[in-house]
1. Could you list VAL296, VAL309, VAL416 in order of exposure, starting from the residue whose Cβ has the fewest other Cβ atoms within 10 Å?
2. So what's the net charge close to ASP398: Lys and Arg +1, Asp and Glu -1, counting the other residues with Cβ under 12 Å from its Cβ?
3. Tell me, MET273, MET249, MET434 in order of fewest to most beta-carbon neighbours within 10 Å?
4. Taking Cα centroids, how far is the stretch 275-326 from the stretch 40-115 in Å?
5. Convert 20 °C to kelvin, take the viscosity as 1.002 mPa s, use the Kirkwood radius over C-alpha pairs of the stretch 87-178 as Rh, and evaluate the Stokes-Einstein diffusion coefficient in µm²/s, rounded to a whole number.
6. Take TRP312, TRP129 and order them by how many other Cβ atoms sit within 10 Å, fewest up front.
7. How much length is gained on full extension from LEU289 to VAL128, taking 0.36 nm per residue of separation minus their Cα-Cα distance?
8. In nanometres, what is the gap between the two model label sites at ALA60 and ARG463, each 7 Å from Cα along Cα-to-Cβ?
Amino acid sequence: MSATSATAPPPPGPPRPADPHGTARPRPAARRGVELCLLVAAVGIAVYGHAEVGLARSGAVPKDALAYGAGLGGLALLAHVAVRARARYADPLLLPIAVLLNGLGLVLVYRLDLEPSLGPRAAPAQLVWSALGVGLFAVAVLALRDHRVLARYAYVSVTGALVLLVAPIAFPAVNGARIWIRAAGFSIQPGEFAKVLLAVFFAGYLSANRAALAYAGRPLLGTGRLKRLGWLQLPTGRVLGPVIAVWLMSVGVLVLERDLGTSLLFFGLFVVMLYVATGRTGWIAVGLLLAAAGAVAVGATEPHVHQRVQDWLHPFATVAAGQGPSQIAQSLFAFGDGGALGAGLGQGSSYLVGFAAKSDFVLATGGEELGLAGLCALLGLYALLVARGFAAALATRDPFGRLLAAGLASILALQVFVVTGGVMDLIPLTGMAMPFLAQGGSSVVANWLIVALLVRISDRARRPDPQQQPPRAGGAGGPGEPDPGPGADRAASGPPGTGPAGPGTAPGSAR
């Protein structure tokens with residue numbers, strides 16, 4: 001070949017794409033600037049809602065609107081700084097959605113505080129609890145460098161969860177349920193934190209035994225056709241026994257305490273995480289059958305639950321009897337009065353629901369004063385938060401993180417479904433709190449912890465692989481490909497639960 005031909009210009013036409021094996025994978029964007037802009041918008045929306053309530057009620061902007069905005073903005077900034085410092089590749093939507101929902105919850109609680117019939121003000125205390133929740137969020141993001149460390153404490157987590165669930169038995173019942181610990185004017189609902197600990201235990205145990213759990217042992221129902229289908233087959237009792245025992249103890253304690261909402265949540269969490277771990281749709285069918293059987297049994301034997309079922313089936317029975325509308329009826333009236341665009345913040349009458357207007361029925365206030373459009377926007381925010389949680393589960397490389405993110409996202413999804421269905425009379429009331437929106441200190445702190453764990457998992461999933469190096473030309477894999485080195489095949493095909501990046505990494509996930 002001559003020197004002239006060696007330096008000839010390339011042939012005409014579109015440029016050839018770059019060799020994918022000759023360059024390293026581009027570094028993903030951190031997108032913390034996007035998160036900061038969304039946080040500013042979230043705080044602005046919440047402050048506008050606070051001012052709108054004051055204008056509707058008294059014709060003037062509330063005097064504490066500036067302090068409210070500064071407090072909420074300071075909390076958002078604190079959380080953003082923590083994420084920027086330790087989780088800069090986390091999903092940029094998780095934190096702004098949580099801040100917006102928390103801010104709107106403060107607006108609705110403040111609006112209901114203006115009704116004298118609903119008792120003392122709750123918004124200042126709710127803001128303090130929100131600050132504690134954001135503080136716990138920041139501590140979790142800063143201190144927890146790698147979420148996989150939690151897998152080592154699976155049995156510690158389940159022990160702590162059972163202790164938290166049993167503790168309220170020694171305290172008086174509140175509204176028919178023993179779910180509170182009250183001492184010296186301070187109250188806490190330990191079941192809110194137990195759900196996070198149980199999610200950690202389920203994720204740790206199921207990820208460590210996922211191969212045995214996916215193996216089908218004896219069929220659950222008979223033989224023949226069902227055996228050939230294999231969709232209702234169970235693994236061995238030695239593997240499944242511990243997780244079922246923990247679940248039965250948790251649900252049994254909650255039934256004794258009459259906390260049926262949390263028991264339903266734990267049951268759904270158990271079924272969802274088993275399905276994610278095994279990939280067997282039969283668990284969904286088994287879960288639905290057991291849930292139906294349990295609901296019938298508890299409804300027939302527990303008077304408190306039986307009354308809630310009757311209120312669900314006949315929400316207007318008290319109106320027909322001349323006793324006035326029940327809480328469910330008032331909630332349905334509020335949704336109906338809201339129409340498409342709502343009556344406006346501060347101009348509704350959902351306070352007629354009564355003592356639970358700020359907690360169990362806070363969504364009725366949102367539906368009446370924001371209308372169908374506002375209600376759909378609120379539920380859309382929850383759907384987006386849950387979707388980003390499942391996106392983190394799908395993106396993460398390690399089985400424990402995948403199960404934990406799926407479990408935490410399922411907790412939020414189940415809470416939203418149960419609360420929304422209860423106040424709309426789709427299912428019986430359970431007494432659970434709407435995440436971030438309803439009054440309740442324990443609930444808001446626990447939900448901020450859930451968001452912190454999702455942020456940490458999403459950061460790990462989106463973070464560039466530190467082991468990735470630019471390829472070396474002329475290696476064993478040919479020109480322009482990296483030299484895999486001896487033992488690469490053995491590392492890529494290691495035992496379940498280990499990958500090229502070491503234990504805890506899904507097989508074949510390292511690039």
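Each reported figure results from applying straightforward, stated rules to the coordinates on display, with no laboratory input. Quantities reported herein were computed from a predicted structural model and do not represent experimental measurements. Every residue, glycine among them, receives a Cβ derived from its backbone with ideal geometry; neighbour counts consider all protein chains shown.
1. By the 10 Å Cβ count, ascending: VAL296, VAL309, VAL416.
2. Working: positive: ARG148, ARG210, ARG397, ARG402, ARG460; negative: ASP146.
Counting the neighbours of ASP398, the net charge comes to +4.
3. Working: MET273 25, MET249 15, MET434 28.
So the residues, fewest neighbours to most, are MET249, MET273, MET434.
4. Measuring centre to centre over Cα atoms gives 35 Å.
5. 127
6. Values: TRP312 16, TRP129 20.
Final ranking by Cβ density, sparse to dense: TRP312, TRP129.
7. Taking 0.36 nm per residue and subtracting the Cα distance, the gain is 53.8 nm.
8. That separation, rounded to one decimal, is 5.2 nm.
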